[in-house]
Amino acid sequence: MPVGARPQRTRALTIPRDPVVIIGAGPTGLTAALALGLRGVPVVLAEAEPALAHDLRAGSYHPPTIEMLAALGVGEAMHQTGIVVPIWQVRDRIEGVVAEFDLSLLRDETPFPYRLHLEQHRLTPILLDRIRRAVPDVELRFGARIEGFEQDLNGVTVQLSDGPLRASFLIGCDGARSTVRRGLGTAFEGFTWDDRFLVASTTYDLGALGFAGAGYVADPTHWAAVFHVPDEGPPGLWRIAYGIAPEEDEAEALRPDAIQSRLRIVLEHSRAAPTGGAFPLNHASVYKVHQRVAARFATGRVVLAGDAAHVNNPLGGLGLNGGIHDAVNLSEKLSQVFSEGADHAALLDLYDRQRRPINVQAVQAMSIRNKRLLQETDPAIRRERLDELRATAADPARARAYLMNTSMINSVREAAAIA
Ligand SMILES: Cc1cc2nc3c(=O)[nH]c(=O)nc-3n(C[C@H](O)[C@H](O)[C@H](O)COP(=O)(O)OP(=O)(O)OC[C@H]3O[C@@H](n4cnc5c(N)ncnc54)[C@H](O)[C@@H]3O)c2cc1C
C-alpha cells in the first residue's frame, strides 16, 4: 500500500439466494414481479385474494408509464384495448371549455404523446398473462395473505397464511392499508379529505356533448372529472367522478335519481345534455380519498411501493402511475443486487431518496392543487386561475412546459437525476 494511503474497506460480493417476496397482485406488485422476473431475479408474488381484483379505480396512464410498461412487453396489448387520449380539457361547469391541452406538443419527448385510458382491472390481467408467458418461474400464490414478518441482517422471514417463507427482500405492494407498512411501524403522514368521491359510469356518449377523452370541470360545489374508458370495446364508457359533501349520506348519493340529477348539473353548460334519467348508468361507487406518504420507503430489506407507500386524490390520474414508476425503479436496483452483488443498503436508500421526495413535491402537490383549483369557492381567485390556464394552453411553449409536469415526464427525470 502506498505511504499515506488509507486502507480500503472491502465488501464481500454476495448474490442473494432467497427470492424477492412481493405482497399484493395489484398493478404495482404485478409490474414489480414482471420487471424483476424479466431480469432473472427469483420472485414469489403473494396475493390475499383468490384472484385478481375487479378494480374500477384507475384508468389513465401517462407517457412515461406507457413507456415503462411497453418496455416490459405489454404496450401492444394495452393499446389493443385502451383509448388514446391526445387532448384533455379544463372546463367551467357553466361556461364550458376553458383550456385544451394537446399532448402531441410532447412528441419530441416521448414515443407516446398522449394519455392511454384502460381500466385498472383490464391492465392487471395483461400483466399477469405476460408474467405467465414470459417469466413462468415467478411463483404466483393467490389466496396467500401476509400475516407478519421479521427481518435480520441476511433476509426476511415472511409469515404467509399458507406457510412461512424466507425472502432476501420483501416488497409491500399491498395497497393503502398495507400490512407490510404497519408491520414496519412506518408512519403514513398526511391527511384524509372530508369530502368523498363518487364515481359513476354511463354509456351515454359525452363526446357528442363536446367532452374530450379526459376533462376536469371546475365549480365550487359541483366540480367533476370526466373520463372515457374502453369497457368491453367501442363505444366504451364515460366515467364521471364528483365530490360528495361530508354531511351527505352515501346511500342517498348512490341513488340512481340522485346520480342522474348530478350528471345533469355537471353538464349544465351543454344545451344538448339529456334530461329525465337519460344517462344509462353502468355502475357507481364511493371512495374516501387521502393524501399520505410513508415516512420511509425502505427499512433494511423491507420496501414499500405503490399505494402502500403513497396515496393521493385521483384528480390528475397520478396514483397508479406513480406506483408503476416505483416498481420499475426498485426492480432495476434489486436486479443489480442479484446480478452483480451490488450494495443493497445503498441502492434501497437511493430508491427512498429518488421516489419519496418526488412523490411529495410532484404527485401530492399536483393532486392537491388540482382539487383546490376545481372546487375554488372565491369567484375572483377561480377566474384568475382559469384565465391563467387558458393563457397557458394558448401559448405552445408554456403549454409544453405545463404538460411536462402534468404528464409526469419531469418527475421521472428528476428522480433519475438524484444520485
Ligand atoms: C376513484 C379513483 C380513481 C383513480 N384513478 C386513477 C387514475 O386514473 N390513474 C392513476 O394513476 N391512479 C388512479 N387511482 C389510484 C389507483 O387506483 C391506485 O393508486 C392503485 O390501485 C394502486 O395500485 P397498487 O397495486 O399499489 O395497490 P392496490 O391496487 O390497492 O393493490 C393492492 C393488492 O394487495 C393485496 N393485499 C392487500 N393486503 C394484503 C395482504 N395482507 N396480503 C396479501 N395481499 C394483500 C390486495 O388484495 C390488492 O390486490 C384512482 C383511485 C381512485 C380511488
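The values are calculated or read from the model by the stated rules, or taken from the named source; none is laboratory data. Not measured: the values here are computed from a predicted model. With ideal geometry, Cβ positions are generated from the backbone for all residues, glycine too; neighbour counts draw on all protein chains shown. Side chains are part of the model used for accessible areas, which takes the heavy atoms of the whole protein and leaves out ligands, DNA and RNA. Shrake-Rupley method; radii C 1.70, N 1.55, O 1.52, S 1.80 Å.
At a glance:
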quantity	calculated
The one condition in (1) away from the ligand (no atom under 16 Å from the Cβ); (2) open to solvent by less than 20 Å² (accessible area, probe 1.4 Å); (3) of a type in the set (A, V, I, L, M, F, W, C) that Val293 fails to fulfil	(1)
Test: Gly323 is outside the structural domain of Leu263 (by TED's automatic domain parsing) and not in a helix (DSSP H, G or I)	no
Any hit, region 36-45, residues being under 19 Å from Leu320 (Cα atoms), modelled with pLDDT of 95 or more and surrounded by 24 or more Cβ atoms within 10 Å (Cβ to Cβ)	yes
Candidates Ser168, Ser178, filtered to the one that is open to solvent by less than 20 Å² (accessible area, probe 1.4 Å), out of contact with any helix residue (DSSP H, G or I) (no Cβ under 7 Å at 6 or more places or on another chain) and either modelled with pLDDT under 95 or of a type in the set (Ser, Thr, Tyr) (or both)	Ser168
Qualifying residue in region 77-90 (condition: touching a Lys or Arg at 6+ places or on another chain (Cβ under 9 Å), surrounded by fewer than 18 Cβ atoms within 10 Å (Cβ to Cβ) and under 22 Å from Arg413 (Cα atoms))	yes
Among (1) farther than 28 Å from His283 by Cα; (2) touching a residue at least 12 places away in the same chain (Cβ under 8 Å); (3) away from the ligand (no atom under 15 Å from the Cβ) - the single one Asp108 does not satisfy	(2)
Enumeration of residues in region 15-35 that are of a type in the set (Ser, Thr, Tyr) and either over 17 Å from the mean Cα position of the chain (by Cα) or open to solvent by 10 Å² or more (accessible area, probe 1.4 Å) (or both)	Thr28
Among the residues listed as Asp307, Asp349, the single one being in the same structural domain as Gly24 (by TED's automatic domain parsing), open to solvent by 10 Å² or more (accessible area, probe 1.4 Å), among the acidic types (Asp, Glu) and within 16 Å of the ligand (Cβ to nearest atom)	Asp307
Positions within region 172-198 being on the phi > 0 side of the Ramachandran plot and in a loop (DSSP other than H, G, I, E, B), in sequence order	Gly175, Gly185
Where a residue in region 175-186 is more than 20 Å from Thr31 (Cβ to Cβ) and more than 7 Å from the ligand (Cβ to nearest atom) and its partner, wherever it lies, is at pLDDT 95 or above and assigned to a loop (DSSP other than H, G, I, E, B), with Cβ under 8 Å and at least six apart	Leu184/Arg296; Thr186/Ala295; Thr186/Arg296
Matching residues in region 102-144 - criterion: being in contact with a strand residue (DSSP E or B) (Cβ under 7 Å, 6 or more places away or on another chain), open to solvent by 40 Å² or more (accessible area, probe 1.4 Å) and either over 20 Å from Pro64 (Cα atoms) or in a helix (DSSP H, G or I) (or both)	Glu139, Leu140, Arg141, Phe142
Helices (runs of 4 or more DSSP H) enclosed by region 327-419 - at least 1 residues per element that are among the acidic types (Asp, Glu)	344-358, 379-394, 409-417
Qualifying residue in region 47-70 (condition: more than 15 Å from the ligand (Cβ to nearest atom), within 30 Å of Leu140 (Cα to Cα) and not aliphatic (A, V, I, L, M))	no
Selected residue (criterion: nearest to the ligand (Cβ to nearest atom)) from residues of region 145-170 that are assigned to a loop (DSSP other than H, G, I, E, B) and of a type in the set (Gly, Ala, Ser)	Ser161
Residue count for region 193-212, restricted to those that are crowded, with 17+ Cβ neighbours inside 10 Å and more than 12 Å from the ligand (Cβ to nearest atom)	7
Residue list for region 59-73, restricted to those being crowded, with 24+ Cβ neighbours inside 10 Å and assigned to a loop (DSSP other than H, G, I, E, B)	Gly59, His62
Test: Leu170 is within 30 Å of Leu304 (Cα to Cα) and either in contact (Cβ under 8 Å) with a residue 24 or more places away in the chain or touching a Leu at 6+ places or on another chain (Cβ under 6 Å) (or both)	yes
